[in-house]
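Chemist: Got a structure here, written out as C-alpha cells. Questions coming.
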Amino acid sequence: MAGQDTNNTRKARRQQPVDNTYGHLQPQALDVEKAVLGALMIDKDAYAVVCETLYPESFYEPRNRMVYAAIRDLAIEEKPVDVLTVADRLSKDGNLDEVGGPAYIMELSSRVASSANIEYHANIIAQKFLARQLISFASVIETKAFDETSDIDDLMQEAEGSLFELSQRNMKKDYTQINPIISQAIKAIQAAAANKDGLTGVPTGYHKLDDITSGWQASDLVIIAGRPAMGKTSFALSMAKNIAADYHVPIAFFSLEMSNQQLVNRLLSNVCEIQGSKIMNGQLQPDEWDRLDKRVNTLLDAPLYIDDTPGLSVFELRTKARRLVREHGVKMIMIDYLQLMNANGMRFSSRQEEVSTISRSLKGLAKELDIPILALSQLNRGVEAREGLEGKRPQLSDLRESGAIEQDADMVLFVHRPEYYHIYQDDSGRDLHGMAQIIIAKHRKGATGDVLLTFRGEYTRFENPEDSRLGRKSKDMGGEIVGSKINGEQQPPMDDGFNSLYIPPQNDGPMPF
C-alpha cells in the first residue's frame, strides 16, 4: 500500500501543469549581431544606415557590444572603420583581449560578403533588444507587486511612467519626401477657401480671436495664462460652451482644480445668465427658474466630456485622451491647469524639470493625436510688483516654474483684466470697465495682438462685445485687435468707435473667478 501511494503521488506530480514562465532564453540573435558588425567593417557607409536604430546596449553578446561601441566612436570621429582600425581602437580602450583578440575581429568581417541586408538585420537586433527591455520591465513590476509593502496606486503610476519612457525611446518617425506633404497642404488651403469664415481649426466663438488664429489648429499646444482672479477658467469654460454647445464639436475638459459639479454649475450660470451664488443656494426668482428651464437644453447632449481626476499625471492623460479620441471623436482637449499635473513614475531634480517634462509631453500628445491641446497656466508674482498699465501687463517671462512652457507652446495667450488693478482706461483713452484683454503674446503661425472681450463676472462669462447686453451698440468695441503684430512689426491699432459711454451692469460688480 505504501508503494502504491508513492506511485500515485509521483503520477499526480507528473500530471501537474508545467510553469513555462521561467527558464526561457533571453531574446537574442547572435548570428545576426555578428553579421551586422562584419558589414559595418566592410562598408564605410553602413554605419549611417543603422546609427539611429542600434546602440551598444542593443547587442546581447558583451563582446559584440564592445565592438559596436568602438565602431561608433570611430564613425563619430569620422575615421575609417575596418578590421585594423576597430582592433586598434579596442586595443587603446583595453578591450581587445576581452573580445577575443584580432582573431575575433577577423572572424566577424569574414562572415559577410556585403552590407546589402544590414538595415533588415539591424531591425531584428533592435526588436530583440526591445523584447529584453519589456521582460526586464515586467519582472521589476511583478517583483514589486508581490511585495506587501508596495502601494498599488504608486506602483501603477510607476509602471505607466516606465512603459511611457520605454515607448518614447523606441518611437521613431521616418522622413517623408515633400510631394505628399505639398498635396496635403494644397488640400488644406482648398478646404479653407471653401469655408466662408476662413476657419481651418476649432472655432472659439470669439470672432476677432478666430480672425487671428483661424481657430485652434490641430497638433498645437495652446497655453492660456494669467494671475489668479483674471478669469482663466471662466474663459476656458466659455470657449468650451461655444465649441461643444454652439458648434457641436466634441471636446474634453480635464479639471484638476474643481469637481465636475462645480464646473457644471459655472456652465449653468454662463448659459442661463444666473449669478453663481444663486445657482449654489438655489434662491432663484421665477424668471430665473424659467431661464434655467429653457436654456439648460443648450447644454443637454452637448459633446462635452468632463474629467475631474485630481493630481492627473501626463501618463493618465495620454491614456484617457487616446480613448476619448478613438471612442468619441474628441477634436480638442482643455486642461485646468498645467501646474497641478504631475509626472509620477519619473524622478526629477526639481519641480521646474518636472513641469518641463509635462509641457513637452503635452506638445507630443497634441502631435500624436493631431488635435489642439489647450492648457491653462499660472503666472508668477512678478506682475504684482510692477507699476502702471504696461507694468501690470503679463509677459512671457512671467510664466510660472518653467521656461519650457514658452518654448513648447505654439501659442501663448494671457487673460488680463486691467480693471482688477484699478486701471479703467488704456493709453488711448478707451474705457476698460468690464473688459478683458486676451493678449496673444506668442503665435508661431501668425500675428500677435490683443483682443478685447466683455467679461461678465457674475455669470463667469466672456462675450463678444457686440453680443454684450451692457448697453453698447453693436459697432462699439467690436472685439477689435489692438496693436496687432505680424512678423514682429507693430501695426497701428484699428479705430472702430471704441469711445462709447460705458453702462455698468445692474449687480454687485464683477466677481473674480
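Bear in mind these aren't lab numbers, they're just calculated from the coordinates by the rules spelled out. These numbers were taken from a predicted model, which means no experiment stands behind them. Neighbour counts run over all protein chains shown; Cβ positions are idealised from the backbone, glycine included.
Chemist: In nm, to one decimal, how far is the S150 label point from the S350 one, both placed 7 Å along Cα→Cβ?
Modeler: With each label placed 7 Å out from Cα toward Cβ, I get 3.3 nm.
Chemist: Multiply the residue gap between V264 and D287 by 0.36 nm, knock off their C-alpha separation, and tell me the result in nm, one decimal place.
Modeler: Details: separation 23, 0.36 × 23 = 8.28 nm, distance 2.05 nm.
Length difference between fully extended and current span is 6.2 nm.
Chemist: Hey, another quick one. Quick one: what does P(r) look like for region 400-454 with 10 Å bins over all Cα pairs, in whole %?
Modeler: All Cα pairs considered, the percentages come to 22, 42, 27, 9.
Chemist: Moving on. Averaging over every viewing direction, what projected area does the convex hull of the Cα atoms of region 31-153 cover, in nm²?
Modeler: On the way: hull surface 37.8 nm².
That works out to 9.4 nm².
Chemist: Which far-off residues, 5 or more places away or on another chain, put their amide H under 5 Å from the one on F254, with H placed in the peptide plane?
Modeler: D307, M334, I335, D336
Chemist: Compute the distance from the alpha-carbon center of region 120-148 to that of region 46-76, in whole Å.
Modeler: 20 Å
Chemist: Please report, in cubic angstrom per residue, the volume enclosed by the convex hull of the alpha-carbon atoms of region 227-299.
Modeler: Once divided by residue count, the hull of region 227-299 is 96 Å³.
Chemist: Please give the contour-minus-distance gain from M106 to I186: 0.36 nm per residue of separation, less the Cα-Cα distance, rounded to one decimal in nm.
Modeler: Numbers: separation 80, 0.36 × 80 = 28.80 nm, distance 5.48 nm.
Separation in residues times 0.36 nm, less the Cα-Cα distance, equals 23.3 nm.
Chemist: Taking the Cβ of N260 as the centre, find all other residues whose Cβ is under 10 Å away and add up their charges (Lys, Arg: +1; Asp, Glu: -1). Spell out each step's value before the answer.
Modeler: Working: positive: none; negative: D307, D308.
With Lys, Arg at +1 and Asp, Glu at -1, the neighbours total -2.
Chemist: Stokes-Einstein diffusion coefficient for region 165-311 at 10 °C in a medium of 1.306 mPa s, Rh from the Kirkwood formula over Cα pairs: what value in µm²/s? List each step's numbers first, then the result.
Modeler: Working: Rh = 18.4 Å.
In µm²/s, the coefficient rounds to 86.
Chemist: Between D88 and D370, what length comes free when the chain is fully extended (0.36 nm per residue of separation minus the Cα-Cα distance, one decimal in nm)?
Modeler: Taking D88 through D370 to full extension adds about 96.6 nm, to one decimal.
Chemist: Could you run the Debye sum over the Cα atoms of region 260-302, one equal point scatterer each and no solvent, and tell me log10 of I(q)/I(0) at q = 0.19, 0.31, 0.32 Å⁻¹, two decimals?
Modeler: Debye intensities relative to I(0), on a log10 scale: -0.49, -1.19, -1.24.
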